[in-house]
Amino acid sequence: MLFPRLFFIIPWLLMGCVSGVHQEGGSAAEKPVALQKKQKTPVPSALSLSRLDGQFLYLSAHQALGKNQPGLAVRFFKALVKKEPHDMTPRFELVDVLLAGGPKDQAEAKVYMENIPENMVRQFESNELSEYQQLYARSLIANGEAIKAASLLEAMLQKQPDRVSVRLLLARLYAIDKAYDKAHATVEVGLKRQKALPLQQMQVQLYLQEANFKAADKALLAMQKEYPEHEDVVLQRAHLAEKRGQGVRAESMLKGFIQKHPDTAVQSYRMLAGIYVRQNRLPQAIVTYKKMLPLTKYNSEVLMSLGKLYYQQQNFIEAKDYFKRAVDQLTPNKEGANVSEMLAAASFYYGASLEASHLWQDAIPYYERLMPEHELYLEAQLRLISIALTNKQFKDAEKRLLTLKDTYEHDLGVFEMLSGLRLQQKQYKQLIVESDKAVDFGYSQILLFNRAIAFEKLKQFKALDNALDSILSHNPNDAETLNFYGYSLADRGVRLSEAQKMVEKALLLKPDDGYYLDSLAWVFFKQNDFDKALKMQLNAVAVIQADPVMMEHLGDIYWRKNDAVQAKASWQKAIELKHEEPDKVEQKIKHGLM
């Protein structure tokens, strides 16, 4: 048989078990454009900045940095440096901000350092001189003057060999240049002078960059013995072990640390749960996250992770509970407040768990919380469309889909859904026209299959065969496509031996599928092998007893077997089962197969 159901397949997946860390308030990208414009901080003119008090400028610069507005902070710092050129603190902080920017900012940072008069540099106190030299070295590195920076740092270490920050910067510079011998020597000299944790961590990083995992693990083990309370060291060792394919060892390390620090080992619990997820050991991951929950004060991120794990196990009752708790925790008390990215994700997943529990109407308001600026907005809209299709609200589904088609004009998921709607509406020509360009956006089995159904309905058999060939070239073992193709060829009475092989292959993949049995019976019927056809069709209707087309096929086979009584009884049954073309079947009852 061609197809047992409509093929609008919803591209929808709940993957992953730890979402991103929630940033309160969200980034500018998370807010509607209109809101961004409304809240945009007015930038004072250069003239007004020059008149402001120095302390006010300094505090304003730090306030801008706190609001993640580095561009505005730079303007305040520049005004302050111009106003008080001999004060090094704002100049150094300005350079620090500029070095975090792009090439133009980094070039400007170097200029600000080189514009400090030499006589002022000579008057610097020891700490101020060290800070100046390090910043200058960083500006040189940022501007591609690594050799000059290395010379400066080496000279600094000659005078101040215990400056760990300088030694680390020099070691990193050597490592960038892949001069690992120099980098190691720089670190080892420092370690002989003092067992500083940052130097030990740098030593490990150097080993890792060289892919010397054995040496890295040895260094980490020494650190773990020296700093048994430092969770970061255990995490690094466990990460390294897992990376080397030693999952059992990584698990053992984390469990050992958790056993000694059961009330504080949050990150170890998190990493252990991650290992279980990657190994598809979901029950163990759930237990681990549950132990972690009270330690994080029932953090919404952990609640979300548990919800996703239960969802993957199709335990929608538990999933629903954890997602709901995350939604409640993240929902702001203030009415009309913006929906953060984290709350949007929690609302989406809660809606998904409600939908999976067949509580479609309850899911709708949670999907509708998501706005265009949210990451899961498109998926939420597709779920709303799926619910509308389930409830046969075709106009609502069509309205949403056409809006999405204009906004997401290259998204295959939208066109997959739209093609499924057109199949339900039996608008086959429109399906083909709307999806003609979409097939060039990338491979989509759903879209190709839906187009194939439309081509079959329109009797455009060459295009039908091309679509199905394309699917099988990507997935030669797709049972649904093999069955569809084999039945279509048989129904046309062409390439019958090939049709038989296709359907038999589909049955190897799904031996008890009644629709596939019907297809093979139809192949035998077209080959005039009516004995085999009848045996196969009786098997098919034994599996699926209420399909009108399959009952019509049984009548056709009985007729060719010269059993008119059974043929007419089968055709009559097809009409009782509400065959889509009852007049055609009625003609068979009256006149038999013409």
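Starting from the Cα-Cα distance between residue 335 and residue 474, subtract it from 0.36 nm times their residue separation and give me the gain in nm to one decimal.
Length gained, residue 335 through residue 474: 45.0 nm.
Find how many whole Å separate the alpha carbon centroid of the range 102-120 from the alpha carbon centroid of the range 316-367.
One Cα centre to the other: 51 Å.
Mean residue ellipticity at 222 nm from the helices of the chain, using -39,500 (n - 2.57) per DSSP H segment of n ≥ 4 over the full residue count, to the nearest 500 deg cm²/dmol?
Calculated from helices alone, the mean residue ellipticity at 222 nm is -22500 deg cm²/dmol.
If you average over every viewing direction, what projected area does the convex hull of the Cα atoms of the range 392-476 give, in nm²?
The number I arrive at for the range 392-476 is 5.3 nm².
Ranked by Cβ crowding within 10 angstrom, fewest neighbours first, how are 113, 88 ordered?
88, 113
Tilt of helix 54-66 relative to the longest C-alpha principal axis of the chain, in degrees (0 to 90, nearest 10)?
In the chain, helix 54-66 runs at an angle near 30 degrees to the longest axis.
In nm, to one decimal, how far is the modelled label at residue 318 from the one at residue 115, with both set 7 Å along Cα→Cβ?
It is 6.3 nm.
Taking the Cα centre of the chain as origin, sum charge times position over the Cβ atoms of Lys and Arg (+1) and Asp and Glu (-1), and report the length of that vector in debye to the nearest 20.
Charge dipole of the chain: 380 debye, to the nearest 20.
Quick one: Karplus J couplings for the range 581-593, per residue in order, coefficients 6.51, -1.76, 1.60, θ = phi - 60°, nearest Hz, x for Gly and Pro?
10, x, 4, 4, 5, 4, 5, 5, 4, 6, 10, x, 7
Taking a ≥ b ≥ c as the square roots of the eigenvalues of the Cα gyration tensor of the range 318-391, is the shape rounded (a/c under 1.5), prolate (a/b larger than b/c) or oblate?
Oblate is the answer for the range 318-391, as a/c is 1.5 or above yet b/c matches or exceeds a/b.
Can you put 288, 403 in order of Cβ neighbours within 10 angstrom, beginning with the fewest?
Fewest to most other Cβ atoms nearby, the residues stand as 403, 288.
Could you tell me how many degrees, from 0 to 90 and to the nearest 10, lie between the Cα long axis of helix 247-260 and the main elongation axis, the longest principal axis, of the Cα atoms of the chain?
Compared with the principal axis, the helix lies near 60 degrees.
Just subtract the alpha-carbon distance of residue 406 and residue 281 from 0.36 nm times their residue separation and send over the number in nm, one decimal.
So the extension gain works out to 40.8 nm.
Sticking with the crude label model, points 7 Å out along Cα→Cβ, report the distance from residue 565 to residue 100 in nm, one decimal please.
About 9.1 nm, to one decimal.
About its Cα centre, how strong a charge dipole does the range 392-476 have in debye, to the nearest 20, once Lys and Arg get +1 and Asp and Glu get -1 at the Cβ?
Using Cβ point charges on Lys, Arg, Asp and Glu, the range 392-476 gives about 460 debye.
Specify the angular offset, from 0 to 90 degrees and rounded to the nearest 10, of the alpha carbon long axis of helix 514-526 from the longest principal axis of the alpha carbons in the chain.
50
How far, in nm, would the chain grow between residue 459 and residue 356 when pulled straight, counting 0.36 nm per residue and subtracting the alpha carbon separation?
Result for the pair: 33.4 nm of gain on full extension.
Under a Cβ-only charge scheme (Lys and Arg +1, Asp and Glu -1), can you give me the dipole magnitude of the range 85-242 about the Cα centre, in debye to the nearest 20?
540
Arrange 408, 132 by Cβ neighbour counts within 10 Å, fewest through most, would you?
With the sparsest Cβ surroundings first, the list reads 408, 132.
Which residues in the range 190-226 have a backbone N closer than 14 Å to a point placed 7 Å from the Cα of residue 249 along the Cα-to-Cβ line?
212-222
If you work out Rg/Rh (Cα atoms, Kirkwood Rh) from the coordinates, which of (i) 1.13; (ii) 1.08; (iii) 0.96 do you get?
Given (i) 1.13; (ii) 1.08; (iii) 0.96, the structure-derived one carries the label (i).
With the dipole of the chain worked out from charges on the C-beta (+1 for Lys and Arg, -1 for Asp and Glu) around the Cα centre, which of 190, 533, 276 lies farthest toward the positive end?
After comparing all options, I get 190.
Measuring from centroid to centroid over Cα atoms, what is the spacing of the range 461-532 and the range 65-86 in Å?
Their Cα centres are 72 Å away from one another.
We did not get these values from a lab; they are worked out from the coordinates using the rules stated. For clarity, every value in this text was computed on a predicted model and none was experimentally measured. Note that we place each Cβ from the backbone using ideal geometry, even for glycine, and neighbour counts take in every protein chain shown.
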